[in-house]
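In what follows, a single structure is set out as structure tokens and then discussed.
The values are calculated or read from the model by the stated rules, or taken from the named source; none is laboratory data. Everything quoted here is computed from the prediction, not taken from an experiment. Please note: Cβ atoms are built from the backbone with ideal geometry, for glycine as well, and neighbour counts cover all protein chains shown. For accessibility, only protein heavy atoms count, side chains too; no ligands or nucleic acids. Shrake-Rupley method; radii C 1.70, N 1.55, O 1.52, S 1.80 Å.
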Amino acid sequence: MTVATAGEFGLISRVTARLGAASPSVLLGPGDDGAIVATPDARVVASTDVLVDGRHFRRDWSSARDVGHRAAAANLADIAAMGARPTALLVALCAPADLQISWAEELADGLAAEAAKTGASVVGGDTSSSPTLTIAVTALGDLDGQAPLLRSGARPGDVVAVAGRIGHAAAGYTVLSRGFRSPKVLVDAFRRPDVPYRLGPVAARMGATSMIDVSDGLLADLGHIAVASGVGIDLRRGAFAVPDAMHAAATALGVDPYGWMLAGGDDHALAATFPPDVELGDEWLVVGSVLAAGEFTAGGGVTVDGRRYTGGAPGWDHFGKGQ
């Protein structure tokens, strides 16, 4: 059965039936003109992302459930990177008329499963016919009384630390683009991010000064913090240990694995800056330091071992020459 056969409201009915029970934050879920989500903090953190077939995912590489996980993760990670707790997702699906309705149902399964990891729910959305399969997700979150973590808070002397996987998704993308399906751990990382959501609010309580999720590449995303904060950031290449599977894939494909780790995106790890006296524990890896602007770069920027990165583009740019 296609979405055209089911019709708009048949599609909506089938999708919403798979979203599961609403989280405690949801006072009114799908089915009305709007959802109602509790906002105990009285401030709402909101973020949106769009995924386009052939640009952000390929249906011959990923299942519909995988795409649902990816679409939700891209947005939920933004909420966590603000130091907030995700509460709800709104999803718009634009689909060709001949799309199998089972694909849309499995997409909903992935969206709901990823949201459930954070305690959030899918609370509504919209559907439309389109020649290009497109998924747009808006995430909402609550700060629970904490100050938001902005990109502009990094200060000279802070340490730079990362939580979560780095370079795995980029390596998986390269593997898939070369026509291979292994190492499985890398391919699976591209298909479904493993985001340390809970560490976002934890970092806020620990005293982090800035944070961002690594969606476009560590160098590129830390560059946003450097510019917003008016500082320089220097990373230590030696801080990054290359996992065995990544090393094997890099050797087989003739690729520098540090390119994946420094400039590869889609892992949605959390990168944050902390005062140097904060005890970070084992879940954070210290990878660099925050410098006064101009110490290595003019007006803020990111270097590796004190030098500008020369391994290619520092990350993804939808309208530029990024990876």
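Efficiency by 1/(1 + (r/R0)^6): what FRET value for Glu283 and Val185, r their Cβ-Cβ distance, R0 = 25 Å, to the nearest 0.05? Write out the running numbers ahead of the final one.
On the way: r = 19 Å, r/R0 = 0.78.
The calculated FRET efficiency here is 0.80.
Can you give the convex hull volume of the alpha carbon atoms of the range 1-128 per residue, in Å³? Walk me through the numbers on the way to the answer.
Numbers: hull volume 12.8 nm³, N = 128.
Here the figure is 100 Å³ per residue.
In the range 84-150, carbon and sulfur make up what percent of the accessible area (probe 1.4 Å)?
On the way: 1290 of 2280 Å².
The value for the range 84-150 is 57 percent carbon and sulfur by accessible area.
Just to confirm, what accessible area per residue do you get for the chain at 1.4 Å probe, in whole Å²?
Working: 14020 Å² over 323 residues.
Counting only protein heavy atoms, the per-residue value for the chain is 43 Å².
Taking every DSSP beta bridge that has both residues in the chain, what percent is antiparallel when rounded to the nearest 5?
Details: 41 of 55 bridges.
Looking only at bridges with both residues in the chain, the antiparallel portion is about 75 percent.
Give the long-range amide H neighbours of Gly83: residues separated by 5 or more places, or on another chain, with amide H under 5 Å away, using H modelled in the peptide plane at 1.01 Å from N.
The answer is Leu149.
Treating only the Cβ of Lys, Arg, Asp and Glu as charged (+1, +1, -1, -1), what charge dipole size does the range 117-247 show about its Cα centre? Round to the nearest 20 debye.
Numbers: 13 positive and 11 negative charges, 81 e Å.
Dipole magnitude for the range 117-247 comes out near 380 debye.
Residue separation times 0.36 nm, minus the C-alpha to C-alpha distance between Ala92 and Ile36: what's the value? Mind dumping the intermediate values first?
On the way: separation 56, 0.36 × 56 = 20.16 nm, distance 1.73 nm.
Additional length available on full extension: 18.4 nm.
Describe numerically, in nm with one decimal, the distance between label points set 7 Å from Cα along Cα→Cβ at Leu253 and at Leu28.
Placing both labels 7 Å along Cα→Cβ, they lie 4.8 nm apart.
List the residues whose amide H sits under 5 Å from the amide H of Val122, counting only those 5 or more places along or on another chain, with H placed 1.01 Å from N in the peptide plane.
Leu89
On the accessible surface of the range 9-51, probed at 1.4 Å, how many percent belong to carbon and sulfur atoms?
Numbers: 1540 of 2760 Å².
Of the solvent-accessible surface of the range 9-51, carbon and sulfur hold 56 percent.
Working from the alpha-carbon coordinates of the range 1-62, get Rg over Rh, Rh being the Kirkwood radius. Show your work: numbers first, answer last.
Values: Rg = 16.0 Å, Rh = 15.0 Å.
Across the range 1-62, the Cα-based Rg/Rh ratio is 1.06.
Give, as ranges by residue number, the residues of the range 94-113 whose backbone N falls under 15 Å from the point 7 Å along Cα→Cβ of Arg59.
94-108
What percent of all Cα-Cα pairs in the chain falls in each 20 Å bin, counting up from 0?
Final binned percentages: 32, 56, 12, 0.
Helix-only estimate, please: 222 nm mean residue ellipticity of the chain, summing -39500 (n - 2.57) across DSSP H runs of length 4 or more and dividing by its residues, to the nearest 500.
My calculation for the chain gives -9500 deg cm²/dmol from helical runs alone.
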